[in-house]
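All remarks here apply to the structure that follows.
All of the numbers you see were taken from the coordinates with simple rules; none came from a lab. Note that the structure is predicted; figures quoted are calculated from it, not measured. As a convention, Cβ positions derive from the backbone with ideal geometry for all residues, glycine included, and neighbour counts pool all protein chains shown.
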Amino acid sequence: MVEEGRETVFDPEFEILRISSFLKSQLESSSMKGYVLGLSGGIDSAVVACLCERAVGSENLLCMRLFEDYHSNSQDFTDAGALIEKLSARSHDISLTPIVQVFEEILKSKGMKPSRVTMGNLKARLRMALLYAFANHEKYLVAGTGDKSEDLLGFFTKFGDGGVDVLPIAHLYKGQVREVGRRLGLPESVVTKPSSPNLWQGHKATDEIPADYTILDPIMSMLFDHSLGPADVAKRAGVPVSLVDEVIQKNLQSRHKRSYPPMVSSW
């Protein structure tokens, strides 16, 4: 980042170098051999995959497409495959469908009628388990794909996509990740693609967050980076103060996701 007067100007090239160096140093200090990550077809995982490849080479990168069967002909699946080919990365495709069906049958046999959210979180945790199975086998680290926008809102599954070894883009807002992706030469269709966790059919990020990230990013920056009050943020962002309050509440309610579990006494 470079300073221009009182405003901070985002420099994607600097972040590419910074994150690539971080990924390389994390691998060296851990004595592991490479990185594994799940490719969703969206911007976050695409950027992380590109940065891992830059840091450690395609021979030390394993990309996993962990989709359900109904996604096999989706644009996300195709985009993820195109990136794997571009990076010349090792890859595996595993269908979550039969695994999810077994879990769903077990839950129903115990009298549960799991909700869509319950099953969605279960799918995220199944992805995590599969990534770690391959990471253990390969002696790799699991690279997380969560960004700052998602983390501050708590828009991730605890011990699901939040269960990783490193979070290389967690300091970048969604809009900044898109800028990095553009600088990395990712297709514009991927750079601008609406966010989706793909936890159920037709799932979009905007189904669960208060507004699009183009609106939320500046609100969160003013709140959490510059410590402005809700009324001031609402005025500057041109949004109702109720939206700012909702962002604050989501941040407070999701604190447990960003912290180590409570203990009677610390170590």
Reported set for region 237-267 where residues are exposed (fewer than 13 other Cβ atoms within 10 Å of the Cβ) and within 20 Å of A211 (Cβ to Cβ) is G238, P240, S242, Q249, L252, Q253
Answer with yes or no whether S265 is in a loop (DSSP other than H, G, I, E, B) and either in contact with a His (Cβ under 6 Å, 6 or more places away or on another chain) or farther than 30 Å from S74 by Cβ (or both). yes
Considering region 199-247, residues that are among the charged types (D, E, K, R) and in a loop (DSSP other than H, G, I, E, B), and then whichever is farthest from F67 (Cα to Cα), we arrive at D212
Looking only at residues that are in contact (Cβ under 8 Å) with a residue 40 or more places away in the chain and in contact with a Gly (Cβ under 9 Å, 6 or more places away or on another chain) in region 166-186, which one is nearest to E208 (Cα to Cα)? I169
Checking C52 against (1) hydrophobic (A, V, I, L, M, F, W, C); (2) farther than 21 Å from E138 by Cα; (3) part of a helix (DSSP H, G or I), the condition it does not meet: (2)
Any idea which residue in region 28-49 is surrounded by the most Cβ atoms within 10 Å (Cβ to Cβ), counting only those that are among the hydroxyl-bearing types (S, T, Y) and not in a loop (DSSP other than H, G, I, E, B)? Y35
Can you find, within region 104-136, the residue that is farthest from G160 (Cα to Cα) among those that are not charged (D, E, K, R) and not in a helix (DSSP H, G or I)? G111
